Amino acid sequence: MPARIYLIRHAESTSNAERRYAGSSDSPLSEWGRRQAEQLAEALHAVPLRAVYTSPLRRAVETASPIATDHGLEPVLVPDFREHGLGDWEGLTLSDVETRYPELLKQWYDRPNETRIPGGETIDEMRARVVPVFREIAGRHSDEILAIIAHGGVNRAILLSVLDAPLSSYWRFRLPNAGISLVEMDGDRAWLMVLNDTAHLR
């Protein structure tokens, strides 16, 4: 039987609320983000989770903790699930980046698979560290249900891999904070069952 994986983007962070690029830097959840995390735990209460994995970044751990606690589990920190490194953009607001890097920002949205932000990772480099770990964890939990709490970039890389879609499609779907996607994995076979469910957020 396939592993069933609830793939969740962390709840709103203070950086998200300020429209600030966080990348691999750390930021806590906002007040609204803490409420979102509790609503995620409520939404998954009846799901028989066997494990909860999370990025080690604070905003992901703070999202994972209520879910894990509700199931009597400890979150397992996975360093390779940290967010895409954004280099010199980390800590800048969207307005800052629009002012300082207008051409690079346009390229980032038009050709994300060809773009390296100064000091950061390419999305191909990010995918290379994320997807093998995701598949290894899925293989470890055949016929079980688990949750993974990570980031917009990380989850895009995983979902594009599941869909066998090119990295040029990076911006073709949105992943809202605290949104839930559901993936089934059976060896090398994968199915996307749910994308970006936010019905639990009030």
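The values are calculated or read from the model by the stated rules, or taken from the named source; none is laboratory data. Values in this document were obtained by computation on a predicted structure and should not be read as measured data. Note that each Cβ is placed from the backbone with ideal geometry, even for glycine, and that neighbours are counted across all protein chains shown.
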Candidate set from the stretch 174-191 (those that are of a type outside the set (A, V, I, L, M) and closer than 22 Å to ARG59 by Cα); member that is modelled with the lowest pLDDT:
ARG174
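Here's the yes/no breakdown for (1) among the aliphatic types (A, V, I, L, M); (2) under 23 Å from SER65 (Cα atoms):
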residue	(1), (2)
LEU104	yes, no
ARG116	no, no
ALA128	yes, no
ALA138	yes, yes
HIS151	no, yes
ASN155	no, yes
VAL183	yes, yes
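The rows are residues; the columns are (1) in contact with a Phe, Trp or Tyr (Cβ under 7 Å, 6 or more places away or on another chain); (2) buried (at least 17 other Cβ atoms within 10 Å of the Cβ); (3) of a type in the set (Gly, Ala, Ser); (4) farther than 16 Å from LEU7 by Cβ.
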{"residue": "GLY72", "(1), (2), (3), (4)": "no, no, yes, yes"}
{"residue": "LEU77", "(1), (2), (3), (4)": "no, no, no, yes"}
{"residue": "ARG100", "(1), (2), (3), (4)": "no, no, no, yes"}
{"residue": "LEU105", "(1), (2), (3), (4)": "no, yes, no, yes"}
Based on this model, can you work out whether ILE148 counts as closer than 26 Å to ALA37 by Cα, surrounded by 14 or more Cβ atoms within 10 Å (Cβ to Cβ) and in contact with a Leu (Cβ under 8 Å, 6 or more places away or on another chain)?
yes
Listed by first then second residue, the pairs whose first member lies in the stretch 31-59 and is at pLDDT 95 or above, whose partner is basic (Lys, Arg) and surrounded by 21 or more Cβ atoms within 10 Å (Cβ to Cβ), with beta carbons under 8 Å and at least 6 positions apart or on separate chains, are GLY33/ARG59; SER55/ARG82; PRO56/ARG82; LEU57/ARG82
If you check VAL162, VAL154, VAL130, which single one turns out to be of a type in the set (A, V, I, L, M) and farther than 23 Å from TYR21 by Cα?
VAL162
Filtering the stretch 39-55 down to residues that are outside any loop (DSSP other than H, G, I, E, B) and surrounded by 15 or more Cβ atoms within 10 Å (Cβ to Cβ) yields GLN39, LEU40, ALA41, ALA43, ALA51, VAL52, TYR53, THR54
Taking GLY87 as the residue in question, decide whether it is on the phi > 0 side of the Ramachandran plot and of a type in the set (Gly, Ala, Ser).
yes
State whether one or more residues within the stretch 1-9 are in contact with a helix residue (DSSP H, G or I) (Cβ under 7 Å, 6 or more places away or on another chain), touching a residue at least 12 places away in the same chain (Cβ under 8 Å) and surrounded by fewer than 16 Cβ atoms within 10 Å (Cβ to Cβ).
no
Going through the stretch 4-36 in order, the residues found to be small (Gly, Ala, Ser), assigned to a helix (DSSP H, G or I) and under 22 Å from VAL194 (Cβ atoms) are GLY33
Among (1) surrounded by fewer than 16 Cβ atoms within 10 Å (Cβ to Cβ); (2) free of Cβ contacts under 8 Å to residues at least 12 places away in the same chain; (3) in contact with a helix residue (DSSP H, G or I) (Cβ under 8 Å, 6 or more places away or on another chain), PRO118 falls short only on (2)
